[in-house]
Amino acid sequence: MDLTEDKELYLKLKEGDERAFQTLFRKYYSAMCHFASQFLNDSELAEEIVQDMFVKIWEKRASLNIETSVKHYLFRSVRNQCLNQIQHEKIKKQLETFLEEELKDKLPITVLPDGSLIFNKFIVRKTKKGFQIKKLDPPWVTKTANVSENPTTPQL
């Protein structure tokens with residue numbers, strides 16, 4: 001039975017058994033990628049989320065506490081990561097819209113070929129984790145702020 005086999009693999013995983021981890025990975029990876037891509041409509045991002053989830057499971061294996069079925073836990077974890085990613089993308093789009101539309105009328109903005117924006121002595125670039133803001137003036141002093149999920153609170 002799958003439940004019993006998965007529970008045994010989970011218990012071995014908690015003890016650091018790499019083979020148990022590999023078995024769970026091989027057993028669920030493909031189905032979880034398909035599941036995640038249904039949320040995200042992006043198979044590469046779906047694979048990245050599933051891989052990250054498995055890395056987190058391995059890193060936290062000793063403190064892992066699965067009270068439901070292992071399969072349910074894995075799929076719920078991927079679902080939650082997908083929903084977090086969707087929320088993150090929504091916030092990025094809101095900031096992008098704000099920068100491109102709201103400030104456009106108030107400040108002179110230059111759009112560079114890579115999609116970066118230059119306005120009022122600042123350059124804004126999209127990164128994988130959000131936006132990077134650099135002050136351009138004076139040229140010998142450059143401060144960098146990474147703006148991630150909360151666009152109103154840049155981190156210096």
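The values are calculated or read from the model by the stated rules, or taken from the named source; none is laboratory data. From a predicted model like this one, the values you see are computed outputs, not experimental measurements. For neighbour counting, all protein chains shown are included, and Cβ atoms are generated from backbone atoms with ideal geometry for every residue, glycine included.
Before moving on, here are some points about what is shown:
- Residue under evaluation Ile57, criteria (1) crowded, with 18+ Cβ neighbours inside 10 Å; (2) farther than 17 Å from Lys27 by Cα; (3) not aromatic (Phe, Trp, Tyr), criterion not met: (2)
- Residues satisfying the stated conditions in segment 15-54, i.e. loosely packed, with under 15 Cβ neighbours inside 10 Å and among the basic types (Lys, Arg): Arg19, Arg26
- Pairs where the first residue, in segment 40-52, is touching a residue at least 60 places away in the same chain (Cβ under 8 Å) and the second is of a type in the set (D, E, K, R) and not in a loop (DSSP other than H, G, I, E, B), C-beta under 6 Å, 6+ apart: none
- Cβ pairs under 6 Å, 6+ apart, first in segment 76-101 and among the hydroxyl-bearing types (Ser, Thr, Tyr), second part of a helix (DSSP H, G or I) and at pLDDT 90 or above: Ser77/Met53
- Helices (runs of 4 or more DSSP H) completely within segment 11-126 that count 2 or more residues being more than 17 Å from the chain's Cα centre (by Cα), at pLDDT 90 or above and among the aliphatic types (A, V, I, L, M): 18-40
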